[in-house]
Amino acid sequence: MTVWIYHERQEALLCGQHALNNLLQRHAFTPDTLSQIANQLDAMELNFMAQNNEGGVHSKDYLKRIQEGSGNVDEQGNFSVEVLRAALLSRYQLELPNVSQKGILDQREITTIDGFICNKSAHWFAIRKINGRYWNLNSTLERPEVISHFQLASEVDKLRGAGYSVFCVVESLPEICTNEAMMDQGLPQYWWKEDDLLKGKTNAMTRADDPWKNVGSGRRLDGKSNNNNGAVASLDVSGMTEDEMLQMAMMASLEHQDQSSASDSAKSISINDDTKISYELAEEPPEGTPDAIKIQFRLPNGSRAVRRFQKSEVVGALYTYVGITCGKNHRDVELRAGFPPKDLASRKDETVEEAGLAGQMVHGRIA
């Protein structure tokens with residue numbers, strides 16, 4: 001049996017699109033389809049923000065959010081994790097939880113998981129099990145690189161330790177390519193013959209080089225030319241030299257620290273007029289702290305923030321954090337998460353781990 005591996009290369013800043021397609025092993029999504037999903041998510045967020053008691057669509061926060069533009073895709077083609085999640089869920093009924101989420105790695109071996117999507121700052125890439133082997137399908141790589149089962153756990157740990165968020169599809173990814181007809185689902189220049197890659201051939205065959213490439217349609221799906229520029233990277237984080245990506249990550253980290261610093265000075269606040277419950281906000285755990293998870297926020301004023309919480313902290317602490325960060329009436333904070341977004345009010349006494357909020361985007365507004 002001949003197995004072919006699909007590996008889209010970096011084009012512009014569309015690594016989120018490439019990560020999805022490499023994970024699925026087909027040219028499943030284009031920039032246009034993902035942009036449409038991003039616009040739908042923006043509309044949902046705006047509708048949520050409009051339901052406030054501070055002027056609705058005429059409120060200062062709502063107008064500021066409108067002025068800032070999309071929160072799920074920028075002009076360069078960087079997509080949010082919510083777009084990737086919505087794309088997988090709507091077309092393939094696949095969920096994309098963070099590996100830190102309760103019930104993911106504590107109930108199964110990591111080598112039983114079908115695939116991973118990793119993110120740091122503005123870069124996304126996929127790792128996928130193909131024909132019993134894991135392959136690093138980073139779109140900045142010249143070609144796919146094999147990862148042994150023995151190395152997989154340590155590589156994922158390295159990524160998480162270096163600040164990457166690692167998401168996964170546990171099972172039910174589309175089948176791999178084992179015949180010519182299936183190759184029409186991808187762009188010809190991105191198919192690699194597995195045997196050639198495993199043998200380390202410098203002239204490993206792609207579908208574009210295949211003498212059988214004209215059998216079947218072999219057609220392009222996007223009608224565009226491709227730009228294969230991109231620095232070669234390695235999954236070994238200690239050897240990464242992508243200066244620009246690291247600088248962006250450092251800048252994002254500093255911004256996140258600035259956004260969260262104000263919240264750490266306050267410990268508790270009443271957030272419910274009826275019950276008068278107070279939820280304590282602990283100090284933010286340092287980067288790399290065991291049992292700490294990152295949660296992304298779309299704050300009521302339209303800005304974004306990322307903060308670390310211990311898995312054992314209750315969801316109510318998120319309400320405290322958002323309220324203090326925005327300088328609003330903390331008792332009126334309303335938070336939603338998931339796709340479609342669901343109100344978290346009934347889950348305030350659950351831990352953030354129990355609520356499955358690791359790596360999630362939490363949307364806030366002032367009710």
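Going by the conditions given, is Trp192 surrounded by 18 or more Cβ atoms within 10 Å (Cβ to Cβ) and in contact with a Ser or Thr (Cβ under 6 Å, 6 or more places away or on another chain)?
Working: surrounded by 18 or more Cβ atoms within 10 Å (Cβ to Cβ): yes; in contact with a Ser or Thr (Cβ under 6 Å, 6 or more places away or on another chain): yes.
Criteria met by Trp192.
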Counting only strands (runs of 3 or more DSSP E) entirely within region 293-367, those with at least 2 residues that are among the hydrophobic types (A, V, I, L, M, F, W, C) and either free of Cβ contacts under 8 Å to residues at least 40 places away in the same chain or surrounded by fewer than 20 Cβ atoms within 10 Å (Cβ to Cβ) (or both) are 333-337
Go through region 156-182 and give me each residue that's closer than 26 Å to Asp195 by Cα and acidic (Asp, Glu). Glu171, Glu175, Glu180
Could you say whether any residue in region 166-181 is open to solvent by 50 Å² or more (accessible area, probe 1.4 Å) and of a type in the set (A, V, I, L, M, F, W, C)? yes
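Would a scan of region 81-89 turn up a residue that is within 14 Å of the chain's Cα centre (by Cα) and modelled with pLDDT under 85? Quick ask: steps written out before the conclusion?
Going through region 81-89, the residues within 14 Å of the chain's Cα centre (by Cα) turn out to be 81-89.
Applying the additional criterion that residues be modelled with pLDDT under 85 yields none.
Checking region 81-89: not a single residue is within 14 Å of the chain's Cα centre (by Cα) and modelled with pLDDT under 85.
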Among (1) at pLDDT 85 or above; (2) crowded, with 21+ Cβ neighbours inside 10 Å; (3) over 19 Å from Glu82 (Cβ atoms) - the single one Pro286 does not satisfy: (2)
So which of Lys158, Lys201 is out of contact with any Leu (no Cβ under 6 Å at 6 or more places or on another chain) and in a loop (DSSP other than H, G, I, E, B)? Lys201
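The values are calculated or read from the model by the stated rules, or taken from the named source; none is laboratory data. Please read these numbers as outputs of a predicted model, since none were measured by experiment. Neighbour counts run over all protein chains shown; Cβ positions are idealised from the backbone, glycine included. Side chains are part of the model used for accessible areas, which takes the heavy atoms of the whole protein and leaves out ligands, DNA and RNA. Shrake-Rupley method; radii C 1.70, N 1.55, O 1.52, S 1.80 Å.
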